[in-house]
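The block underneath contains the structure these notes are about, expressed in structure tokens.
The values are calculated or read from the model by the stated rules, or taken from the named source; none is laboratory data. Quantities reported herein were computed from a predicted structural model and do not represent experimental measurements. Don't worry about glycine lacking a Cβ; one is built from the backbone with ideal geometry, like all the others, and counts go over all protein chains shown. Each accessible area value is taken on the protein alone, full model and side chains, heavy atoms only, with ligands, DNA and RNA left out. Shrake-Rupley method; radii C 1.70, N 1.55, O 1.52, S 1.80 Å.
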Amino acid sequence: MAIAQQPEANPLVEGLERLPVPGTTLVIFGATGDLSRRKLLPAVYNLAHDGALPERFNLIGVSRRAKEDAEFRDFAAESIRSFSRRAVDEDVLEGLLPRLRYIDITFDDEASYSRLADCLTARDDEAGQSLNRAYYLSTAPEFFPVITRALKGAGLHRHQDADVRVVIEKPFGTDLASARSLQKVVASVFRESQVFRIDHYLGKETVQNILAFRFANYLFEPVWNRNYIDHIQITAAEDIGIGSRAGYYDQSGALRDLVQNHMLQLLTFVCMETPASFDADKVRDEKVKVLQSIAPYPAGEVAENTVRAQYSGGVMGGHDVVGYLDEEGVPDESRTETYAALRLEVHNWRWAGVPIVLRTGKRLARKVTEIAVQLKEVPHLAFQSAGSVGVRPNQIVLTIQPNEGVSISLGAKIPGTRMRIRPVNMEFLYGTAFLSQSPEAYERLIIDAMRGDATLFTRNDEVDAQWSIIDPILQAWREQDGDLARYAAGSEGPAVADALLGEGRHWRPL
Ligand code: BG6
């Protein structure tokens, strides 16, 4: 009997899992903040649950408020119980909590960092070895440069026997100039290989699956170009409003909040060339080439290629909801956009002439993040016109969330004596194909930062290229004050966004 041969390992896919996780002390700045409570501490717990943390692991929470270790451990336990993706196993939690410590630091008081230095040294002494250090900056962004400088002042940015890394949350700047000045500070303290800029979309399984879909299948590559693809729609719709985040959101708006980072990252995954391997720099080299191939709009072309809008009151799930201007903390006169849509083009041989349209918004009909790749119409319809009614161009839809999966629409014959065609979907759903629950994005990103794998983090030149695309739009929107459209909460967004797609094309319904 023939023995089936094991397929050879695919170095592109295997590469993602390759590095071990060395003993590490993770320092979370802003440890009592919202992100830490909802995402980071639960992520650390789930890593502990999966046995993914290194044997020698410590977590030091840093914030401005004075707190005892015990109080911080109670805070962490409560956060984990409230937000962990799986039910808490008390034994795992009991094992993790003693590894947590707390230090209060006034971020701009360099002298107070000596207590952090002592605490780090004490952890090394306990371990009997120099542990790696990962500083996670999860504070308000104005403290990113302050903490970075202070770490250098305290001599904590290097270690002769261990790796020191810094993880920087978003936003990395609020425009090109501020991103560059933050980068200047970061580069004066850390080498680029020490820096891990977070874009949590890259930690999502379904985002990584875009690469698996494209580069582990022979089927799609031949059509993945301007010869066969009519256009690409990238949607990140949310049903939620801005909650209690008016202070942040009103300064940011949809373009900075989601397009500059998450949506442009999705675009790079869809449009990049095959990297030679999954080495962090090889992947990021390809992504940055895509971003640099998007020519920023000249000021005069912004209006025809972009739409911005703000939600007014409406009905969601049978309940009345208020408009943006009536949300708590939003100034009466605010002109901040809660919806942004734009048409971009990647100017290279693969994509020239293919419209890539992006849309995102709060308080839209439902939450869905997806990439729809629409192929061209077939060049000749052999069926009688009466029977061709249902023929539609094929669409490949990569659904990032919810109902994670991939679907491909095909024209199929409706059973019967006539040749009538209807689109049907061929679907792969994560929920049914794999029985295990996907890890949260932050689990993957924390572990990757600890093992020094920067593949799923944005490099400085990527951030720079992203802001270079967004900056002229921000500027034109500031200067041309008159064109903020409105859409009702719970709707599909403003009708004016239809024009971005061009004649005969339509947004996918939400
Ligand atoms: C964050 C934005 O980066 O991403 C939020 O600041 C947004 O406004 C969130 O709601 C969306 O993330 P996710 O993972 O829920 O799609």
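Quick notes on this one:
- Taken over the range 217-258, the criterion of being of a type in the set (A, V, I, L, M), over 19 Å from ILE470 (Cβ atoms) and away from the ligand (no atom under 16 Å from the Cβ) is satisfied by LEU219, VAL223, ILE229.
- The test for being within 30 Å of ASP481 (Cα to Cα), of a type outside the set (Val, Ile, Thr) and part of a strand (DSSP E or B) does not hold for LEU398.
- Any hit, the range 443-450, residues being part of a loop (DSSP other than H, G, I, E, B) and surrounded by 22 or more Cβ atoms within 10 Å (Cβ to Cβ): no
- The set of residues in the range 300-310 that are open to solvent by 30 Å² or more (accessible area, probe 1.4 Å) and in contact (Cβ under 8 Å) with a residue 60 or more places away in the chain contains only ALA303.
- Set ASP118, ASP124: member being among the acidic types (Asp, Glu), over 27 Å from SER252 (Cβ atoms) and crowded, with 19+ Cβ neighbours inside 10 Å: ASP124
- Residue check for ARG486: open to solvent by 60 Å² or more (accessible area, probe 1.4 Å), in a strand (DSSP E or B) and either within 30 Å of ASN58 (Cα to Cα) or not aromatic (Phe, Trp, Tyr) (or both): yes
- Which numbered condition ASP91 fails, given (1) free of Cβ contacts under 8 Å to residues at least 12 places away in the same chain; (2) open to solvent by less than 10 Å² (accessible area, probe 1.4 Å): (2)
- Neighbours by Cβ (under 6 Å, 6+ apart or cross-chain): first from the range 388-407, closer than 20 Å to ARG214 by Cβ; second within 16 Å of the ligand (Cβ to nearest atom) and open to solvent by 50 Å² or more (accessible area, probe 1.4 Å): none
- Qualifying residue in the range 162-176 (condition: within 15 Å of the ligand (Cβ to nearest atom), assigned to a helix (DSSP H, G or I) and of a type outside the set (Gly, Ala, Ser)): no
Quick grid of which residues meet (1) of a type in the set (A, V, I, L, M); (2) closer than 22 Å to TYR248 by Cβ:
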{"position": "GLY33", "(1), (2)": "no, yes"}
{"position": "LEU41", "(1), (2)": "yes, yes"}
{"position": "PHE57", "(1), (2)": "no, no"}
{"position": "ARG65", "(1), (2)": "no, yes"}
{"position": "SER79", "(1), (2)": "no, yes"}
{"position": "LEU93", "(1), (2)": "yes, no"}
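- With respect to the conditions (1) surrounded by fewer than 20 Cβ atoms within 10 Å (Cβ to Cβ); (2) under 30 Å from ILE400 (Cβ atoms); (3) more than 19 Å from the chain's Cα centre (by Cα), VAL146 falls short on a single one, namely (2).
- Looking at the range 17-115, the strands (runs of 3 or more DSSP E) lying wholly inside it that each contain 2 or more residues that are polar (S, T, N, Q) sit at 24-29, 57-63.
- Set VAL368, VAL389: member being modelled with pLDDT of 95 or more, over 21 Å from ASN225 (Cβ atoms) and aliphatic (A, V, I, L, M): VAL368
- With respect to the stated conditions, GLN401 is under 22 Å from the mean Cα position of the chain (by Cα), open to solvent by less than 50 Å² (accessible area, probe 1.4 Å), within 30 Å of GLY318 (Cα to Cα) and within 16 Å of the ligand (Cβ to nearest atom).
- Within the range 151-169, the only residue that satisfies the criterion of being among the basic types (Lys, Arg) and crowded, with 19+ Cβ neighbours inside 10 Å is ARG165.
- Counting residues in the range 281-294 that are more than 30 Å from VAL378 (Cα to Cα), touching a Phe, Trp or Tyr at 6+ places or on another chain (Cβ under 9 Å) and within 12 Å of the ligand (Cβ to nearest atom) gives zero.
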